[in-house]
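A short worksheet on the structure shown next.
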Number of protein chains: 6
Amino acid sequence: MGAVVVQDIERADPKVIAGLAAAGVATVHEAQGRTGCLASHMRPIWAGAQVAGSAVTISAPPGDNWMLHVAIEQVREGDILVLAPTSPCDNGYFGDLLATSAMARGCRGLVIDAGVRDVRDLTAMGFPVWSKAISAQGTVKATLGSVNVPVVCAGQAVNPGDVVVADDDGVVVVPRAAAAEVLAAAEARLANEAAKRARLAAGELGLDMYQMREALAAKGLKYV
Amino acid sequence: MGAVVVQDIERADPKVIAGLAAAGVATVHEAQGRTGCLASHMRPIWAGAQVAGSAVTISAPPGDNWMLHVAIEQVREGDILVLAPTSPCDNGYFGDLLATSAMARGCRGLVIDAGVRDVRDLTAMGFPVWSKAISAQGTVKATLGSVNVPVVCAGQAVNPGDVVVADDDGVVVVPRAAAAEVLAAAEARLANEAAKRARLAAGELGLDMYQMREALAAKGLKYV
Amino acid sequence: MGAVVVQDIERADPKVIAGLAAAGVATVHEAQGRTGCLASHMRPIWAGAQVAGSAVTISAPPGDNWMLHVAIEQVREGDILVLAPTSPCDNGYFGDLLATSAMARGCRGLVIDAGVRDVRDLTAMGFPVWSKAISAQGTVKATLGSVNVPVVCAGQAVNPGDVVVADDDGVVVVPRAAAAEVLAAAEARLANEAAKRARLAAGELGLDMYQMREALAAKGLKYV
Amino acid sequence: MGAVVVQDIERADPKVIAGLAAAGVATVHEAQGRTGCLASHMRPIWAGAQVAGSAVTISAPPGDNWMLHVAIEQVREGDILVLAPTSPCDNGYFGDLLATSAMARGCRGLVIDAGVRDVRDLTAMGFPVWSKAISAQGTVKATLGSVNVPVVCAGQAVNPGDVVVADDDGVVVVPRAAAAEVLAAAEARLANEAAKRARLAAGELGLDMYQMREALAAKGLKYV
Amino acid sequence: MGAVVVQDIERADPKVIAGLAAAGVATVHEAQGRTGCLASHMRPIWAGAQVAGSAVTISAPPGDNWMLHVAIEQVREGDILVLAPTSPCDNGYFGDLLATSAMARGCRGLVIDAGVRDVRDLTAMGFPVWSKAISAQGTVKATLGSVNVPVVCAGQAVNPGDVVVADDDGVVVVPRAAAAEVLAAAEARLANEAAKRARLAAGELGLDMYQMREALAAKGLKYV
Amino acid sequence: MGAVVVQDIERADPKVIAGLAAAGVATVHEAQGRTGCLASHMRPIWAGAQVAGSAVTISAPPGDNWMLHVAIEQVREGDILVLAPTSPCDNGYFGDLLATSAMARGCRGLVIDAGVRDVRDLTAMGFPVWSKAISAQGTVKATLGSVNVPVVCAGQAVNPGDVVVADDDGVVVVPRAAAAEVLAAAEARLANEAAKRARLAAGELGLDMYQMREALAAKGLKYV
């Protein structure tokens, strides 16, 4: 298949993307039928960011960040870079210079199943990253990979243009074609939660609010 | 044995529990003969909490949080929920709605050898959690487990009503029957530490303060 | 070979050490040819410290912190303790009392491929630690090790007197004899980065600034 | 999307599948451009099997093997079951009874990013399995999953009907549409290897046979 | 509590123990309600052993095998040594000399959540071991532990005299008091399996044999 | 420092190397003061090999096996290749063609803190490998490393010409200069073991043979 850069990818509606960002990872994940979460080793390098964007995907060799430079040219306002190494690697592929360049293109963040470095600078710049590792170990620029091809990142298939949502709970991917429908389900869910929260805060039990007692008894739960 | 909920558990004296919370994990662990620490993968989702409480234990299947709803009904003021999955799992069993409900019952925190989610909300609510993972991956409510039975959580046996102490160093469990004795030993230890700290701060060496030189020489340590 | 304490070690020039601290881990690592990074599991217990110092090395048995007391006597102003257990261990070898003592000797920090405890106190004291784990699990004082011998810590060979640089990106070790040369290379690198950062911030692409397009095409990268 | 069983999947030409089995994992992986290898934690439960077959995929909840029973009905002669749990799990989803049933349907093996049990029986039966774990820990039958939908298994996207090749080196997946082309490339590679092997056995160096000396010198390799 | 050796422990009926050995780990685990499996990292050092015996438990410090010598004196014909380190450790606590001594006392095997060595000798001797690691790294004899106290080994609570069953699937522990009842359930299960195996081998589907179709449809499974 | 190949390395006396091979890993490790064991994740790809040889070391980038070709030219009869990647990597750096070439040069085996492939062929050829992983994932030939420089492999410093001993217990490294002395200590140890083994086999307890009872009592061990 060779090394390719796909230049024209479709993206979801920016309003839908904004709605998914506002809903957050846990809600979006539930709204699409409990699918799409990246592995729990993907952690934010600083707390508090909550973003969504269109995936510009990168398939890169272990220890080689050349394709990040190629990918940044493909970034448009509102995109999120998603890098999947072709085998497990914790090197620091990305630091403050690449972040400066990415931000200049309107990039909203990086999701990388490998390492990053310059985390103090990235934090000061407000550039959010979800990664497997933090490592100063540098990379080379010797071997090609691809940009905007389907990848598997941290256990999830990500296609270019899919919507990536990320916050302190981790990262979830929403297939581009399903984004509007997932947003509708997420918003319905959120509307529902405020009322539940108030009832639980007032001391009502989930056992009663969700009417679980009968099902538990039918399954054979014994109180002793 | 089947799925059971034990409703009547004994708890330690609240004053003893408060004393153990004040002493903190490292001191309590030493005071009971260097036993009781949960595995080091149990980390707080936010820094700074230091609590102790009576364990309400939960044995739950992987990927199924039904028993958390059952357990919350058993919580009394001052309890801590302790969840052990029956096999390794990093799913997010617990989020802001369950925390709201648990807090309404007086719950002081959650210790879970699995994942939690909504960590930004949990942090804002001041609800402390010590967990193996942070993950938005949701769970089902399909299979029974048990509440207030003996469990093994992160490598330690925990019985319902045992005192769980948790802070930024992790989590330690104190058998209920030993709690008063452990507190006494912890307080003796603390009384002793202030004087030691002052001497060390003044430049006295541990080698001298603890009179280690002779034992080291006897073992054969050579200075070259 | 037996258990030894080497008392007289050579150290690098304090000005060079200060320069390396200012350059930071990622830059120093690149400046010495992308070598010397400790494994990425070595994380700071609190964010924001950036230090360098001369390594006082410790080879210690698993679960035994006796040699830390011995090592502290060997610390001079500006040193960093580097502890390598002789087999994998996550016990909490070091806490606030040892930190008090180390600080009284002018110690700038601890790098330990094992665990530490009292992390809230260590944070409040401003004593920086890079470790594999945080654990309250205590250690014994029963078996000898050595101080100021060559060790392998988190995958890197460290000799006594080598310069250890540590910040939020992790830890890098610089051989003592190479320190001045590495500093020169690091400073040249830093001088170069400000200009690059400005160009990238202005929207210039790395592809153009680093003149990568030709090499990528020669390797066969296809744009589609 | 809900839980579905796709009953009609396309499969590759049996002759192509047989050819890929004969070529083996490493050769097939190279022949398709070094792609498609599942993670290295996927190990055979017994040594010596070398198979290929059409993937019947299973997406299953953690700790729940209900969908395996559903999937076996979909198996045709020459298929391989591929199970991906929806979150990390090491439970023993599969044992000798399921293997008996699968073999009766012509199933050639199981690839599972989770655990299996009854491994002595499976070995005696000659039923090959590549798994993440061996565990007697049983599963429930309570929650739906899907059969013959796209999954990510051990880091690779697998579509129903893709060709799965497995041997002592692990597992590789070949997209169904590419199977014939990959086989041709694999056979060309194999034809080439015998001659190389003979030259290397005779003492010729790879440096000479592959004409690497000039490129190494150009990159700056120094002999000292 | 201090370091103790409990000399008089109760053991289960040897005939029951023999029955549990014959049933094997997976069956015993199911027969006691899917409980008691040790973590899946506990693997046999050689394939084919299938044993059961009474647990002589050992709580030992990391890197210190002194208590193994103490424990061997407590072994009676038919016992299995169960060693749990007080914190994670992969050292080789046990080799051919200790095995010679243990076999001379009638010991049937070792279950150790740490490492062993001399595995070629142990294999030749026919002494079975289930361990977390194989490592030549030796241990010291400097710090006390305890023998025949309750321990947690690889995630399961084990009491002295409990029945430990181990085979190629791993290790399961049966509380002594429940052993006879569990054996009865295991034998009922086994009696049942032969018939099932024959029907499945004849091509009957589990979906039909276990009458799952209706429940699957009720849950909403769709065939497309 | 750049990429170098050191062509002239000193090796230990072949008779000493043969003696160390005969002694085996565990004995050699004890004989040199319990030092030198590589991490326990280094496992043989087939059981039963027991070898020693002079280390020809390789420092290689992640996912790049170019330096293996370079290193094979440096191999003399009786050498063992030792490859340390510069960051964690599980790729299959080595397969049957490289083994054919290495064997033609008299190479006795490979120790690699990464992956290998073609393990069925390597087994049939009788070429022993100790590795971290088995993986078909291929590597590139794009970036230089070094041959016969000091490396850290699986946690141990290895210098070119050091003696590497490997068997089913793992791998130990003996500094070249110490090899004769370590062999003498190992042989003394072995001479001693036969007598001990006979006494233990006859039922004598280690407690008595090693005269441990008094020391245990002095430490406070209580029999109850």
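The values are calculated or read from the model by the stated rules, or taken from the named source; none is laboratory data. None of the values given here were measured: they were computed from a predicted structure. All Cβ positions, even for glycine, are placed from backbone atoms using ideal geometry, and neighbour counts span all protein chains on display.
Can you name the number of the only condition in (1) within 25 Å of C:Ala154 (Cβ to Cβ); (2) at the interface with another protein chain (Cβ under 7 Å from one of its Cβ atoms) that F:Val119 fails? Among (1) within 25 Å of C:Ala154 (Cβ to Cβ); (2) at the interface with another protein chain (Cβ under 7 Å from one of its Cβ atoms), the lone unmet condition for F:Val119 is (1). Restricting attention to region D:165-203, the residues that are at the interface with chain F (Cβ under 8 Å from one of its Cβ atoms), more than 17 Å from F:Asp118 (Cβ to Cβ) and not hydrophobic (A, V, I, L, M, F, W, C) add up to 1.
Screening C:Arg11 with (1) assigned to a helix (DSSP H, G or I); (2) touching a residue at least 24 places away in the same chain (Cβ under 8 Å) gives one miss only, at (1). Within region E:60-78, the set of residues being free of Cβ contacts under 8 Å to residues at least 60 places away in the same chain and either surrounded by fewer than 24 Cβ atoms within 10 Å (Cβ to Cβ) or in contact with a Lys or Arg (Cβ under 9 Å, 6 or more places away or on another chain) (or both) comprises E:Ile72, E:Glu73, E:Val75, E:Glu77.
If you check B:Ala179 against the conditions, is it at pLDDT 95 or above, touching a Leu at 6+ places or on another chain (Cβ under 8 Å), on the phi < 0 side of the Ramachandran plot and not in a strand (DSSP E or B)? Yes: the conditions hold for B:Ala179. Filtered by the rule that a residue be more than 9 Å from chain E (Cβ to nearest Cβ) and either within 16 Å of F:Val82 (Cα to Cα) or touching a Leu at 6+ places or on another chain (Cβ under 8 Å) (or both), region F:39-51 gives F:Met42, F:Pro44, F:Ile45, F:Trp46, F:Val51. Does E:Asn159 satisfy being on the phi > 0 side of the Ramachandran plot and in contact with a Ser or Thr (Cβ under 9 Å, 6 or more places away or on another chain)? No: the conditions fail for E:Asn159.
One residue is enough: does region E:26-33 have a residue meeting the conditions without any contact (Cβ under 8 Å) to a residue 40 or more places away in the chain and either over 26 Å from D:Asp113 (Cα atoms) or surrounded by 24 or more Cβ atoms within 10 Å (Cβ to Cβ) (or both)? No, the conditions are met nowhere in region E:26-33. The listed residues are A:Arg11, A:Arg43, and the only one of them that is modelled with pLDDT of 95 or more, of a type outside the set (Asp, Glu), closer than 27 Å to F:Ala114 by Cβ and touching a strand residue (DSSP E or B) at 6+ places or on another chain (Cβ under 8 Å) turns out to be A:Arg43.
Within the option set E:Gly2, E:Gly19, being at pLDDT below 95, farther than 30 Å from D:Ala47 by Cβ and of a type in the set (Gly, Ala, Ser) holds for one residue only, E:Gly2.
Right, E:Ala133: of a type outside the set (D, E, K, R) and within 14 Å of chain F (Cβ to nearest Cβ) or not? So E:Ala133 passes the test.
For B:Asn159, the requirement of being at pLDDT below 95, out of contact with any Leu (no Cβ under 6 Å at 6 or more places or on another chain) and surrounded by fewer than 24 Cβ atoms within 10 Å (Cβ to Cβ) is not met. Candidates in region F:204-215 are the residues that are at the interface with chain E (Cβ under 7 Å from one of its Cβ atoms) and in a helix (DSSP H, G or I); of these, the one that is surrounded by the fewest Cβ atoms within 10 Å (Cβ to Cβ) is F:Leu207. Quick one: is B:Ala52 more than 17 Å from B:Val4 (Cα to Cα), among the small types (Gly, Ala, Ser), in a helix (DSSP H, G or I) and touching a helix residue (DSSP H, G or I) at 6+ places or on another chain (Cβ under 9 Å)? In short, no.
Among residues of region C:83-94 that are without any contact (Cβ under 8 Å) to a residue 12 or more places away in the chain and farther than 18 Å from B:His41 by Cα, none has a Cβ under 9 angstrom from a residue that is surrounded by 24 or more Cβ atoms within 10 Å (Cβ to Cβ) and of a type in the set (A, V, I, L, M, F, W, C) at a sequence gap of 6+ or on a separate chain. In summary, C:Glu30 fulfils each of the numbered conditions (1) among the charged types (D, E, K, R); (2) in contact with a strand residue (DSSP E or B) (Cβ under 9 Å, 6 or more places away or on another chain); (3) within 14 Å of chain A (Cβ to nearest Cβ) with the single exception of condition (2).
The set of residues in region F:101-116 that are surrounded by 24 or more Cβ atoms within 10 Å (Cβ to Cβ), facing chain D (nearest Cβ under 7 Å) and not hydroxyl-bearing (Ser, Thr, Tyr) contains only F:Gly115.
I'd like the full set of residues that are under 29 Å from A:Cys89 (Cα atoms) and of a type in the set (D, E, K, R), limited to region F:6-63. Correct list: F:Arg43 only.
Filter region A:13-25 down to residues that are more than 11 Å from chain B (Cβ to nearest Cβ) and of a type in the set (A, V, I, L, M, F, W, C) and give me whichever is surrounded by the fewest Cβ atoms within 10 Å (Cβ to Cβ). By that ranking, first place goes to A:Ala18. Checking the stated criteria, A:Val171 turns out not to satisfy the condition of being surrounded by fewer than 24 Cβ atoms within 10 Å (Cβ to Cβ), within 19 Å of the chain's Cα centre (by Cα), among the hydrophobic types (A, V, I, L, M, F, W, C) and closer than 30 Å to C:Val224 by Cα. Those strands (runs of 3 or more DSSP E) of region A:67-148 in which 1 or more residues are touching a His at 6+ places or on another chain (Cβ under 9 Å) and not charged (D, E, K, R) occupy A:129-134.
Only one of the numbered conditions (1) over 26 Å from C:Cys37 (Cα atoms); (2) within 14 Å of chain A (Cβ to nearest Cβ); (3) of a type outside the set (D, E, K, R) is violated by F:Pro88, and that is (1). Could you grab me the full set of residues in region B:183-224 that are free of Cβ contacts under 8 Å to residues at least 24 places away in the same chain and basic (Lys, Arg)? If the condition is that a residue be free of Cβ contacts under 8 Å to residues at least 24 places away in the same chain and basic (Lys, Arg), then B:Lys196, B:Arg197, B:Arg199, B:Arg213, B:Lys219, B:Lys222 are the ones that fit.
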